[in-house]
1. Restricting to the stretch 301-330, give me the number of residues that are over 16 Å from the mean Cα position of the chain (by Cα) and more than 15 Å from MET3 (Cα to Cα).
2. Is it the case that TRP158 is at pLDDT 75 or above, of a type outside the set (A, V, I, L, M) and closer than 23 Å to PHE283 by Cα?
3. Give me the residue from the stretch 8-35 that is under 17 Å from the mean Cα position of the chain (by Cα), in a strand (DSSP E or B) and free of Cβ contacts under 8 Å to residues at least 60 places away in the same chain and, out of that set, nearest to SER79 (Cα to Cα).
4. When you scan the stretch 289-316, how many residues do you find that are β-branched (Val, Ile, Thr), within 15 Å of PRO268 (Cα to Cα) and either modelled with pLDDT under 95 or in a loop (DSSP other than H, G, I, E, B) (or both)?
5. Go through (1) part of a loop (DSSP other than H, G, I, E, B); (2) at negative phi and name the single condition VAL63 misses.
6. For THR126, work out the one condition from (1) among the β-branched types (Val, Ile, Thr); (2) surrounded by fewer than 17 Cβ atoms within 10 Å (Cβ to Cβ); (3) touching a strand residue (DSSP E or B) at 6+ places or on another chain (Cβ under 6 Å) it doesn't fulfil.
7. Just checking, does the stretch 335-346 include any residue being part of a loop (DSSP other than H, G, I, E, B) and buried (at least 23 other Cβ atoms within 10 Å of the Cβ)?
Amino acid sequence: MKMVFRWFGEGNDTVSLDQIRQIPGVEGIVWALHDVPAGEEWPMDKILAVKTAADQAGLHLDVVESVNIHEDIKLGLPSRDKYISNYIKTMEKLAQVGVKVICYNFMPIFDWLRTDLYKEMEDGSTALFYEASKIENIEPMELVRKINENSTLTMPGWEPERLQYLTGLFEAYKDVTEEDMWENARYFLQEIIPAAERLGIRMAIHPDDPPWPIFGLPKIIINQDNVRRYLNLYDSPANSVTLCSGSLGANPDNDIIGMIHEFSDRIPFAHIRNVKVYENGDFIETSHRSQDGSVDIAGVVEAYHDIGFEGYARPDHGRHLWGEKCRPGYGLYDRALGIMYLWGVWDSLQRRANA
């Protein structure tokens, strides 16, 4: 298992590369150019600037998260070919600096959704929270304003310049069904995976977060059957999955450990985080410790150890601890604690295997 840490870039992250390099076992950053709108080709000079910074810190940049897909591709519009061409040009540039995995998603409009970014927990820490009843009674634009209020940092998937067209996007998706999304995904993969094979890059689809339809928008990467269907749309190691225990774990019916075993050769990148799920459909993100949430994180790590996982893994969202002012879900302290929990489980399993 290769441990990596998400970093949003110079001036766009409260966590520095110097801090990241001090977390035991972390060897690389998970990055992106968050100021480049979805659908545009990434400039090489900006890519090289990130590489230079990573090199100076002794960290690799093997994993990109995300090269976002333009909505026209998800909608299957005639203009999609232009955006797919730009996507492939970006992939070619990323291959030149050693990128091996591109995490991306096929979620309509929103990359993820929560109702509270700083829900206070019993111990005084705060965390990302999803309140099911609130989603049923809130207008999308009101939620967008809530997510972006007083934010000085970019929120992936909630960029104001993209979401200012929210009303038009909802209108565009009005008659789009799940089967339409599957067909549009198939078209995208037919174009993109041959390029990925040629470049030695593995495309790793991220599950929908949360894994169920919201605001009437179709969702397709939500459970084991659908992940299997997606991987079968183009049967190639380059068509793979970012297995996110937090996204999928928000639905207690999802068998994360079973997915790790079934898709073992198609998981180049793992997001490992815990969520506590309530009977009314609410959930909150907790520490990585198994006992603190509804996902058996120790069992998840054991499953990765059992399959001989040699891919990349990162602690996903963390709580906000000790007064840290940071991007919601992406502070230093709790993610670093999470890494040490993951390493503790992994090292114990390794020691037992070598006994």
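The values are calculated or read from the model by the stated rules, or taken from the named source; none is laboratory data. Small disclaimer: the values here were computed from a predicted structure and weren't measured. In this analysis, Cβ positions are derived from the backbone assuming ideal geometry, glycine residues included, and neighbour counts consider all displayed protein chains.
1. Here is the first cut: in the stretch 301-330, the residues over 16 Å from the mean Cα position of the chain (by Cα) are 301-310, 319-326.
Restricting the remaining residues to those that are more than 15 Å from MET3 (Cα to Cα) gives 302-303, 306-307, 319-326.
Going through the stretch 301-330 one residue at a time, the tally reaches 12.
2. Numbers: at pLDDT 75 or above: no; of a type outside the set (A, V, I, L, M): yes; closer than 23 Å to PHE283 by Cα: yes.
No: the conditions fail for TRP158.
3. The residue in question is TRP31.
4. The number of residues fulfilling the criteria is 1.
5. For VAL63, the exception is condition (1).
6. Answer for THR126: the failing condition is (2).
7. The first filter runs over the stretch 335-346 and keeps only residues part of a loop (DSSP other than H, G, I, E, B), leaving none.
Scanning the stretch 335-346, I find no residue that is part of a loop (DSSP other than H, G, I, E, B) and buried (at least 23 other Cβ atoms within 10 Å of the Cβ), so the answer is no.
Residue by residue, here is whether (1) of a type in the set (Phe, Trp, Tyr); (2) not in a loop (DSSP other than H, G, I, E, B) holds:
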| position | (1), (2) |
| --- | --- |
| ILE69 | no, no |
| ASP72 | no, yes |
| LYS93 | no, yes |
| ILE102 | no, yes |
| MET107 | no, no |
| PHE110 | yes, no |
| ARG114 | no, no |
| LYS119 | no, yes |
| LEU128 | no, yes |
